[in-house]
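**Student:** The following block contains the structure, expressed as structure tokens.
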Amino acid sequence: MHGTYLGKGRLTEELEAYHYDRARAGVGLSFLELASIHPSSFTFGLHLWDDEIIREYQRSCPGFSGLA
């Protein structure tokens, strides 16, 4: 597993597109990104400590469910 840093802490359309492409290519299991849950544990993954991430997941989840 690796972090892409495509979203730079956000769940962006670029990060979603990366995972859509991997799914279309046949990847069986894909983790969105590394994540940190508190600003003091900063990683180059998703910033789960920032409430803006909730809206980003709400925006992106309908698209991800279409892959099944």
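**Student:** Over the Cα atoms of the chain, what radius of gyration and what Dmax do you get, in Å?
**Tutor:** When restricted to Cα atoms, the chain yields Rg and Dmax of 12.0, 36 Å.
**Student:** Something else: For the chain, find the longest principal axis of its Cα atoms and tell me its angle to the long axis of helix 52-65, 0 to 90°, nearest 10.
**Tutor:** 10 degrees
**Student:** With everything on Cα atoms, drop me the angle between helix 13-24 and the longest principal axis of the chain, reported from 0 to 90° to the nearest 10.
**Tutor:** In the chain, helix 13-24 runs at an angle near 40 degrees to the longest axis.
**Student:** Going by average Cβ density within 10 Å per residue, which order do the peptides 10-21, 26-37 take, highest to lowest?
**Tutor:** 10-21, 26-37
**Student:** Something else: With n ≥ 4 as the cut-off for DSSP H runs, can you work out [θ] at 222 nm for the chain, using -39500 (n - 2.57) per run divided by the number of residues, rounded to the nearest 500?
**Tutor:** Roughly -12000 deg cm²/dmol at 222 nm, from the helical runs in the chain.
Taken together, the values in this text are just the output of simple stated rules run on the coordinates, not laboratory data. Keep in mind that this is a model prediction, so the values were computed, not measured. All Cβ positions, even for glycine, are placed from backbone atoms using ideal geometry, and neighbour counts span all protein chains on display.
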